[in-house]
Amino acid sequence: MTIKDELNAEEGSFLLELRTDLNWNHSSFINLLTELNNECKRTNGIPNLSREIASGIWYISDFIKSWTEHKNFPKIYTHEYYEKSYELISDLANTYFMSESPYESESEIENRIVELKKSI
């Protein structure tokens, strides 16, 4: 699934399942993070970003956390898992818009995605 598919909540996307089924699909979330990281790499240093992708990234940087922190959202993972997930989304959004990673090493965000992937 591409970053556009994910951000447009296409069939099979993390966002569609999250919104309509109230289900946090770990595999789909990892795909979203991976695609977002790839987009950050692809657009690094480019001054003019795609409005369609930028608006989607801006949206998910707040939506995912606010939607899943609602008291009626079923939590199937640990509090720490969700906190790490929110941090990754925030860091990737920051990287996309600022064209600068909050980490010293470029591989750090990838390492954190792999860690989260293996945490389940």
(message) Could you order the peptides 66-74, 34-42 from most to least packed, using the average number of other C-beta atoms within 10 Å per residue?
(response) 34-42, 66-74
(message) Can you tell me the length gained on complete extension of the stretch Asn25 to Ser66, counting 0.36 nm per residue apart and subtracting the Cα distance?
(response) 13.1 nm
(request) Restricting things to alpha carbons, tell me how big the stretch 3-118 is in terms of Rg and Dmax, in Å. (result) 13.6, 41
(request) Work out how much length Glu87 to Ser99 would gain on full extension: take 0.36 nm times their residue separation and subtract the Cα-Cα distance, in nm to one decimal. (result) 2.6 nm
(request) Kindly state, to the nearest 0.05, the FRET efficiency for Phe73 paired with Asn48, given R0 = 41 Å and r defined as their beta-carbon distance. (result) 0.70
(request) Treat the count of other C-beta atoms within 10 Å as a stand-in for reagent exposure and order Asp21, Asp5, Asp91 from fewest to most. (result) Asp21, Asp5, Asp91
(request) Please arrange Ser107, Ser119 by counting, for each residue, the other beta carbons lying within 10 Å of its beta carbon, fewest first. (result) Ser107, Ser119
(request) Using only Cα atoms, find the angle between the long axis of helix 79-98 and the longest principal axis of the chain, and express it within 0 to 90 degrees, rounded to the nearest 10. (result) 30
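Each reported figure results from applying straightforward, stated rules to the coordinates on display, with no laboratory input. Predicted model only: the values in this text are computed from it and were never measured. Neighbour counts run over all protein chains shown; Cβ positions are idealised from the backbone, glycine included.
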